[in-house]
Each structure stands twice: as structure tokens, then as C-alpha cells.
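Note sheet for the following structure.
Rule-based calculations on the coordinates, nothing more; no lab input. What you see is a predicted model; the values in this text were computed from it and never measured. For neighbour counting, all protein chains shown are included, and Cβ atoms are generated from backbone atoms with ideal geometry for every residue, glycine included.
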Amino acid sequence: MSDATGGDETGVENWRVSPDTNGRSAYVESQIIMTTVQVVTPFSLTYGLFLMFHGADSPGGSFQGGAVMAATVLMIAFAFGVAPTRDWLRNRTVVALAAGGVAAFAAVGLVPVLFGDSFLAHPRFESVFGIDTKWGLEAIEVAGVAPIVAGVLVGLFFLIAAGMNPDDQTPEARPDGGGHDPERADEGTDTETVSGGDRP
Amino acid sequence: MSELFAAALFVFVLVTAVTTALLRDVLAVVVVFAAYSLGMALFYAFLLAPDVAMTEAAIGAGVTTLLLLLTLTKTNRTRPDRWIEGVDLPALAVFAALLIVLVVTLLNSIPAVGDPGAAWNNPGVTQYYIENAYDDTGVENAVTAVLAGYRGFDTFGEAVVVFAAGISSLIVLRQVVFTRE
């Protein structure tokens, strides 16, 4: 370990994967990736929905379903650019999904409390409303856990991806503290093509 | 055949885990770590835990890799002077000796997979779930019955933790994200 840090002083040269060295945005518009994602997206979204809705009767469940649906959104963002995807799925939607999931979960759990039972006592639905116990569990899975997982994952992704395009970010927040090379001028046009590209 | 498959998977997971620890290039670590997660997902599926396998594949191999890659594109990546992290041989020898002692002394007390007499098999609880989950909840997947039914309060706590962690990150970093709203 100690000799390794000694080597860092001399042999290391910094290079970036980010826009600064190659003068173009980290997003690359690729026909192959966009076409592949267009083909795969309906299937993966359907698979996520299947996992969520059918989790009570087969392996899977809302956590897995929510994660697969969030991964579908991430895939779309990788193919078509993060900025258009974020404009399409606004921050408000993502936060509303997560907050609404917690609220729905708590609401389903509190209904039995209204009738003098304990929190999340699903059999109460059967004795009071004649609804099968199963639907109490399904409501938690579909309205509670899945939106929370999907919302938080997509939100985290947008959060980390923010600042990927130069106009998303204040100069101080840039990794190198501001522009210094002439290639930076080209990035403005790159951003145009990113946000002007096909919207998903 | 299935023993061969399990052995191959085990070797794959072990090699990727050690490689993740040893590689110096961060991008390579992220890629190998995704392969490790995929191997673990296959392992869980092989051990008849498809629910865990799906979670590992979606979160471990998929979303985490994407988030780490995104983070890499926004940070400096130092070109390492060599590929492999330096290893402290005496420390490795001590650790290996300790590991061998532990494995030799404890291996016999690890129950076989699916052993009905194993210590984890608490019939008062697990057998109750297996026998009564469908009648109690009407849900065919016993895992869902436990997570959303019998232990729904635990799941509520977990969901709130996920929500709180996500919202806290959004609030801490909102200056970057919410300017576009």
C-alpha cells in the first residue's frame, strides 16, 4: 500500500471521461443504442408491471417490479439523453411517486385502526368491507412499495446525472471550477442536439 | 451437472470479488463488480431464492452499476501506474491462517442446504408460514405473504427508510437538480 501511493506522485496523469477532454458531451447519440432501447423498453416495462401485479402469486413482487420499471427509465435516459428524459418525467412526478407511495402504504395500514384493530391488520378488510385479505396485501405492494422504490431510484439517478450537461450546472460546481479550454465553446451546440433529439 | 454449475458459479463469484478488491482502475472495478452481482443473482436463483435473485439482478447488477458509472463520468479518473493493488503479504498470511482455522473448525456446524433439522428451521415460525400463509392471506407466494402480511410493519419501516434516504439526498443536493423545475 505504501509503495503504491509513492507511485501515484510520478506515474499518474489525470484523464476524464467527462466532457472536458474530448470536447463533447458524455451523452452520445447512437442509432444502435436508441433502436435497441426502443425494442427492449416495452418488454422490460411489461416485465416490471408483471412482477408488481403478479408478485403475490409468483416469484417477484413490488420491490423487484419497481426496480425493473426504474431501470427501464434509466435505460431510456441513457439512450435518449438525461435532460429530455428529466423534462419528460418532471422532478415533481418522481417525488410525488415516492411520497404518494408512503402515504398510500400508511393509509392502507390505518384503515383497520379506524375499526379498532391493529395497524396493517388486513383481515379486517374482509370482516368489515367483505374485501378479500389478499387485496390488502396487493394494495400495499402496488400502491405503496413499488412507487416508492421506482420514485427513489429514478430520483437518485436524475440527481447524480444533474450537471451532466454544462447548462445544468453553475461554474463553481464544475469539477475543474470553470472553463479553461477553447473546446468548451462547442459544448453549447452539443447540448442543443441532446435536448433537441428524439423524446421518448 | 448442477454441482458442476454451482462450483463454476462459486469460482466466478470468488474471482470477481477478489478482482474487485484488487483492481486499481475505478472503471474496471465497477465493471467487474457488476459481473460479481450477476454471478450472485445466478447463485440466488440456483439456491431457489428467485425473489432475492431478481432484486440482486435489478439493483446490484443494473441500477447500482449505472449510478456508479454516472458518478465516474462526473469525477476525475486517475490512470493507475499498474493494474493491481499492492498486497501486504504478512497481513494476507495472517488473514489466510485465521480464515483456514475458522473454516476448519466451523464447517461442520454449517447446516446442509435444505436440511430440515437445521437450526434456522424454526418450525414454530417457518412451518406456520408454510402451512397457513395461503389460508390466512389468500396469497400464493409465501414470501409476499410474509413481507406484506405477517411482517407488514417491518416492510412499512423499510419503505419509509428508502423514502427518507431518497428524499434526504434530494434535499441535500436540490440546488443542482431543482433549478430546472
**Item:** Neighbour-count order for B:D136, B:D115, B:D51, fewest beta carbons within 10 angstrom listed first
**Value:** B:D115, B:D136, B:D51
**Paramagnetic label zone (point 7 Å from Cα along Cα-to-C-beta, B:D81; backbone N under 15 Å) in the range B:3-33** = B:24-25
**Asked** In whole Å and largest first, what semi-axes does the C-alpha gyration tensor of the range B:1-75 yield when each eigenvalue is scaled by 5 and square-rooted?
**Response** 24, 16, 6
**Item:** Sequence of A:H54, A:H122 once ranked by neighbouring C-beta atoms within 10 Å, starting from the fewest
**Value:** A:H54, A:H122
**Request:** From other protein chains only, count the Cβ atoms within 10 Å of every residue's Cβ in A:96-103, then give the mean.
**Result:** 3
**Message:** Using Cβ counts within 10 Å as a stand-in for footprinting exposure, how do B:T155, B:T126, B:T55 rank, fewest first?
**Reply:** B:T126, B:T55, B:T155
**Prompt:** Once you sort the root eigenvalues of the Cα gyration tensor of chain B as a ≥ b ≥ c, which label holds: rounded (a/c under 1.5), prolate (a/b larger than b/c) or oblate (the other case)?
**Reply:** oblate
**Request:** Classify the range B:49-97 as rounded, prolate or oblate, taking a ≥ b ≥ c as the square roots of the eigenvalues of its Cα gyration tensor: rounded when a/c is under 1.5, otherwise prolate if a/b is larger than b/c and oblate if not.
**Result:** oblate
**Item:** Label point at B:L92 placed 7 Å out along Cα→Cβ; residues across the range B:9-46 whose backbone nitrogen lies under 18 Å
**Value:** B:14-25
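As a check on your grasp of the helix formula, calculate [θ] at 222 nm for chain B: sum -39500 (n - 2.57) over DSSP H runs of n ≥ 4, divide by the residue count, round to the nearest 500.
It lands at -19500 deg cm²/dmol.
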**Complete:** In nm², the average projected area of the convex hull spanned by the Cα atoms of the range A:27-171 is 10.4 nm²
**Request:** Hand me the chymotrypsin sites (Phe, Trp or Tyr not before Pro) from the range A:86-148 located in a DSSP loop with no more than 16 other Cβ atoms within 10 Å, in residue order please.
**Result:** A:F115, A:F119
